[in-house]
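The values are calculated or read from the model by the stated rules, or taken from the named source; none is laboratory data. For clarity, every value in this text was computed on a predicted model and none was experimentally measured. Here the Cβ is made from the backbone with ideal geometry for all residues, glycine too, and neighbour counts use every protein chain on show.
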Amino acid sequence: MPHLTTDDGVRLYYEEVGSGHPVVFVHEFAGDYRSYETQLRYFSRRYRCIAFNARGYPPSDVPEDWRQYSQERARDDIRDVLDGLGLPKAHVVGISMGGFAVLHFGLTYPERASSLVVAGCGYGAQPDKRQQFQEETARTAAQIESAGMGEVAKTYGSGPTRVQYLNKDPRGYAEFLAQLAEHSTRGSANTMRGVQARRPSLWELTDRMKALEVPTLIATGDEDDPCLEPGILMKRTIPSAALVVLPGTGHALNIEEPDLFNRACAEFFHQVENGRWPRRDPRSVTGSILGM
């Protein structure tokens, strides 16, 4: 099994396929490298595609101490994947927890990113939702530890932004739920406590986002309520960002609507690689309604 080692000694499992400019895929809390199967099959026809499992997700290592998991560590693990594979830079794609990590990667290591796809990103980020999010992450981590991930998967995987997937694609949803139930109980609890619960609000990052020059695609489903306002915030704040909203779609948009997601990313990569991805025109943000 292919592994690479991070600078703090954690072994991360990865899979790669294809050749060309590299694309690195970073999974969500409820997913793993398998969540990107439809992307690997599609993009490997033109790109060198890499999907890896975060720490805490076997066959990657599962550190016992939850303090070895953090937003900063998730960010740096992306860097270590690029370093371990000898990649100077790559398109970097992330969903949800992976989207947060990709955004932080772009803010900290912009020279290593050809582009950023930040999708399904925003859970608990709104200032008025912070307390609720802290309470829910603490409760979820405790439930995972007490009942095990196999049991918690049944409820976590059927939340209000997952039912859209169930309704559209019962077979795909069943596969997603079965894979979620296989996740490490220790790793999942540590990730919830160390990464999810401790990450900063997006509203605390606006000054840094205003300086982000890396071409950025923000993507969200229109029924992923916790991510709609954060998606608009990132679009309005990052001068190099565009926003795509997938209709009738929930949280895990890359598996719920793989064709729409792949086409949006492919067009984005094409524009970036041809030097055609624009910054926002300052004339569009004057505050005027009619332009008079």
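Ile232 meets the stated requirement of being within 19 Å of the chain's Cα centre (by Cα) and free of Cβ contacts under 8 Å to residues at least 12 places away in the same chain. The sole residue among Gly150, Gly94, Gly99, Gly106 that is under 20 Å from Arg263 (Cα atoms), of a type outside the set (A, V, I, L, M) and part of a helix (DSSP H, G or I) is Gly99. Would you say Thr137 is modelled with pLDDT under 95 and β-branched (Val, Ile, Thr)? Yes: the conditions hold for Thr137.
The criterion of at least 3 residues that are at pLDDT 95 or above, surrounded by 22 or more Cβ atoms within 10 Å (Cβ to Cβ) and in contact with a strand residue (DSSP E or B) (Cβ under 8 Å, 6 or more places away or on another chain) is met by the following strands (runs of 3 or more DSSP E) wholly inside the stretch 7-63: 22-26, 48-52.
Residues in the stretch 194-234 that are among the basic types (Lys, Arg) and either crowded, with 18+ Cβ neighbours inside 10 Å or touching a His at 6+ places or on another chain (Cβ under 9 Å) (or both): Arg199 only. Here Thr155, Thr137, Thr161 are screened, and the one residue that is assigned to a helix (DSSP H, G or I), under 28 Å from Glu257 (Cβ atoms), in contact with a Gly (Cβ under 8 Å, 6 or more places away or on another chain) and not hydrophobic (A, V, I, L, M, F, W, C) is Thr137. Could you tell me whether any residue of the stretch 264-279 is among the aromatic types (Phe, Trp, Tyr) and surrounded by fewer than 22 Cβ atoms within 10 Å (Cβ to Cβ)? Yes, the conditions are met somewhere in the stretch 264-279. Got at least one residue in the stretch 219-231 being in contact with a strand residue (DSSP E or B) (Cβ under 9 Å, 6 or more places away or on another chain), under 17 Å from Arg75 (Cβ atoms) and of a type outside the set (Phe, Trp, Tyr)? No, the conditions are met nowhere in the stretch 219-231. Among the residues of the stretch 17-68, those identified as of a type in the set (D, E, K, R) and either out of contact with any Lys or Arg (no Cβ under 6 Å at 6 or more places or on another chain) or within 17 Å of Lys89 (Cβ to Cβ) (or both) are Glu28, Asp32, Arg34, Glu37, Arg41, Arg45, Arg46, Arg48, Arg55, Glu64, Asp65, Arg67.
Tyr109 meets each of the listed conditions (1) within 25 Å of Leu243 (Cα to Cα); (2) free of Cβ contacts under 8 Å to residues at least 60 places away in the same chain; (3) buried (at least 20 other Cβ atoms within 10 Å of the Cβ); (4) of a type in the set (Ser, Thr, Tyr) apart from (3).
Yes or no, residue by residue, for (1) at pLDDT 95 or above; (2) part of a helix (DSSP H, G or I):
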| site | (1), (2) |
| --- | --- |
| Met209 | yes, yes |
| Ile218 | yes, no |
| Ile232 | yes, yes |
| Glu267 | yes, yes |
| Val272 | yes, yes |
| Arg279 | no, no |
| Ser284 | no, yes |
